[in-house]
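Here's the structure we're looking at; comments come further down.
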Amino acid sequence: MRADMRTQVGIVGAGPAGLLLSHLLAQRGIDSVLVEIRSREYCEARQRAGVLEAGSVALLRQAGLASRLNQEGIEHGGIYLQFAGERRHVDFRELAGRTVTVYPQTEVVKDVIARRLADGGAVEFGVTGTEVAGLDTDRPVLGFTDAHGQRHELACDAIAGCDGFHGICRPAFPAGYLTVREREYPYAWLGILADVPPSTDELIYSRHPRGFALHSLRGPVTSRLYLQVSHDEKIDEWTDERIWDELDRRFELPGWTLQHGPVLDKNITPMRSFVATPMSYGRLFLAGDAAHIVPPTGAKGLNLALADVAVLAPALDRLLRGDGSLVDAYSKTCLDRVWRSTHFSWWMTTMLHRTSAADDMEAELQLAQLRYITSSRAAATSLAENYTGYPDLAARTHLT
Ligand code: FAD
Ligand code: DHB
């Protein structure tokens with residue numbers, strides 16, 4: 001590729017990882033160009049995660065990105081676990097001394113895009129033909145065609161692959177270089193966004209013989225709900241009426257009613273655990289879903305993406321000053337947290353989802369574990385400290 005432009009860090013992908021990285025670098029006086037295949041509107045509307053760990057909130061505050069989060073984020077001090085006809089509360093505040101905040105990924109993305117553009121940051125939406133080359137040199141090249149059809153070859157000091165699970169950066173690593181650990185689950189989540197106030201003050205994770213259900217929210221008048229469905233389920237077969245009927249059954253509790261409302265959005269998300277190591281090759285560094293995916297139970301995906309770039313930004317800063325020690329440690333530093341969250345998400349998923357109606361052994365094991373968590377302070381504390389974020393990112397802010 002011919003290099004006709006220059007930046008310090010080329011960033012691929014305007015999800016939470018790429019956007020926050022470009023902001024953290026700018027705060028350190030490092031310039032970057034961020035390229036994104038989708039439009040700004042698409043990135044800002046894409047319905048995904050909803051829960052921020054305490055450390056993610058601290059990170060966004062420290063980065064000066066939290067004015068709307070502080071106003072509109074809804075702090076939650078725990079969750080409900082529902083099983084065997086009972087709904088029990090797990091109190092994070094009391095057990096772990098920390099909380100989580102419901103603030104949708106769409107809003108995090110809007111906030112960082114607005115700030116990058118206000119600060120004069122280079123964010124190119126609607127690009128095509130993204131390519132990376134020269135990864136094992138100290139002048140890697142990021143190629144792309146901008147929204148006006150102009151081709152660019154950008155000489156960089158480093159490239160950050162923040163382009164999600166289906167991006168081009170991970171496949172650009174040499175064949176055989178990565179070690180991949182992967183698990184697919186035989187079920188998926190059907191998620192809806194509904195124009196109705198939440199029927200609960202905190203999230204409800206419900207294990208039910210018909211399958212898992214989750215009641216979350218997007219604000220005081222908007223609910224977000226999920227149903228476990230088969231991995232090959234067709235969204236067209238789920239009318240709004242059928243979805244509400246199934247949600248009613250899986251959350252049923254005497255004296256409690258699930259409020260229904262118009263469905264604004266519905267989609268099906270597959271469930272997968274995936275970790276690729278190491279997270280870097282030469283001058284290409286992966287962050288977020290580009291390197292690892294967790295099943296959504298436990299709300300870790302977004303938080304892991306933010307945590308990766310909190311490590312990557314200072315590491316790149318040092319690299320650009322001639323000290324490669326932090327980038328050399330980047331993968332290992334991130335992977336401790338990634339594997340903890342990968343285990344937690346797998347554990348929450350397998351404890352709450354039904355694999356087969358015939359598997360009575362699995363059902364009894366799940367119920368035994370749920371009873372243990374809701375009766376033993378030690379067990380509940382383990383859930384609480386993992387859900388609110390472990391290790392606590394706030395304890396590692398010297399890295400940012
Ligand atoms: P992404 O948000 O995926 O961003 C990557 C960006 O790169 C995208 O904007 C993409 O368009 C862009 N891109 C891709 N290829 C290229 C290219 N070649 N050139 C330029 N740009 C490119 N997590 C939860 O905790 N709870 C949930 O309920 C939940 N639901 C999810 C639903 C779906 C459908 C998906 C896919 C994920 C969900 N997640 C959820 C996970 C969470 O949203 C992700 O972990 C988070 O988005 C990761 O952020 P990221 O920045 O690493 O990647
Ligand atoms: C949400 C998603 C999750 O995966 C989860 O565990 C909790 C909440 C959400 O989208 O609100």
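The values are calculated or read from the model by the stated rules, or taken from the named source; none is laboratory data. Nothing here was measured: the structure is a model prediction, and the numbers come from that model. A quick note on method: Cβ atoms are made from the backbone with ideal geometry, for glycine too, and the neighbour counts reach across all protein chains shown. Calculation scope for accessible area: heavy atoms of the full protein, side chains included, ligands and nucleic acids excluded. Shrake-Rupley method; radii C 1.70, N 1.55, O 1.52, S 1.80 Å.
So for the stretch 297-318 (the condition being assigned to a strand (DSSP E or B) and either among the aromatic types (F, W, Y) or touching a residue at least 60 places away in the same chain (Cβ under 8 Å) (or both)), does at least one residue qualify? The answer is no, given that none of the residues of the stretch 297-318 is assigned to a strand (DSSP E or B) and either among the aromatic types (F, W, Y) or touching a residue at least 60 places away in the same chain (Cβ under 8 Å) (or both). Pairs linking a residue in the stretch 372-395 that is in a helix (DSSP H, G or I) to a residue that is at pLDDT below 95 and crowded, with 17+ Cβ neighbours inside 10 Å, with Cβ atoms under 9 Å and 6 or more positions apart or on different chains, are E385/D392; N386/G298; Y387/G298; L393/T400. Of the numbered criteria (1) under 19 Å from A310 (Cβ atoms); (2) without any contact (Cβ under 8 Å) to a residue 24 or more places away in the chain, the one Q62 fails is (2). Residues that are surrounded by fewer than 19 Cβ atoms within 10 Å (Cβ to Cβ) and in contact with a helix residue (DSSP H, G or I) (Cβ under 9 Å, 6 or more places away or on another chain) were ranked within the stretch 167-184; the one that is nearest to L24 (Cα to Cα) is L178. For R224, indicate whether it is open to solvent by less than 40 Å² (accessible area, probe 1.4 Å), among the basic types (K, R) and either touching a residue at least 60 places away in the same chain (Cβ under 8 Å) or under 27 Å from L367 (Cβ atoms) (or both). Yes; evaluated as a whole, the condition is true for this residue.
Considering the stretch 122-148, and only residues there that are over 27 Å from the mean Cα position of the chain (by Cα) and assigned to a strand (DSSP E or B), the residue that is nearest to I37 (Cα to Cα) turns out to be T145. For the stretch 339-362, a residue qualifies if it is under 19 Å from V309 (Cβ atoms) and out of contact with any helix residue (DSSP H, G or I) (no Cβ under 6 Å at 6 or more places or on another chain), and the qualifying residues are W339, R340, T342. For the stretch 14-38, residues that are surrounded by 23 or more Cβ atoms within 10 Å (Cβ to Cβ) and outside any helix (DSSP H, G or I) total 6.
Scan the stretch 336-358 for residues that are open to solvent by 20 Å² or more (accessible area, probe 1.4 Å) and outside any loop (DSSP other than H, G, I, E, B) and jot them down. D336, W339, R340, H343, W346, W347, T350, listed by residue number. Could you please find all residues in the stretch 117-139 being over 14 Å from D163 (Cβ atoms) and of a type in the set (D, E)? The answer is D119, D136, D138. Taking G120, is it within 14 Å of ligand 1 (Cβ to nearest atom), of a type outside the set (V, I, T) and open to solvent by 30 Å² or more (accessible area, probe 1.4 Å)? It is false that G120 is within 14 Å of ligand 1 (Cβ to nearest atom), of a type outside the set (V, I, T) and open to solvent by 30 Å² or more (accessible area, probe 1.4 Å).
When restricted to residues that are out of contact with any Asp or Glu (no Cβ under 8 Å at 6 or more places or on another chain), of a type in the set (V, I, T) and more than 12 Å from ligand 2 (Cβ to nearest atom), the stretch 201-229 contains 1. Among the residues of the stretch 152-175, at least one is in contact (Cβ under 8 Å) with a residue 12 or more places away in the chain and within 16 Å of ligand 2 (Cβ to nearest atom). For the condition touching a helix residue (DSSP H, G or I) at 6+ places or on another chain (Cβ under 8 Å), part of a loop (DSSP other than H, G, I, E, B), within 28 Å of P140 (Cβ to Cβ) and away from ligand 2 (no atom under 15 Å from the Cβ), I11 does not qualify.
Being among the hydroxyl-bearing types (S, T, Y) and either closer than 23 Å to R321 by Cβ or within 16 Å of ligand 2 (Cβ to nearest atom) (or both) is a property that holds for S22.
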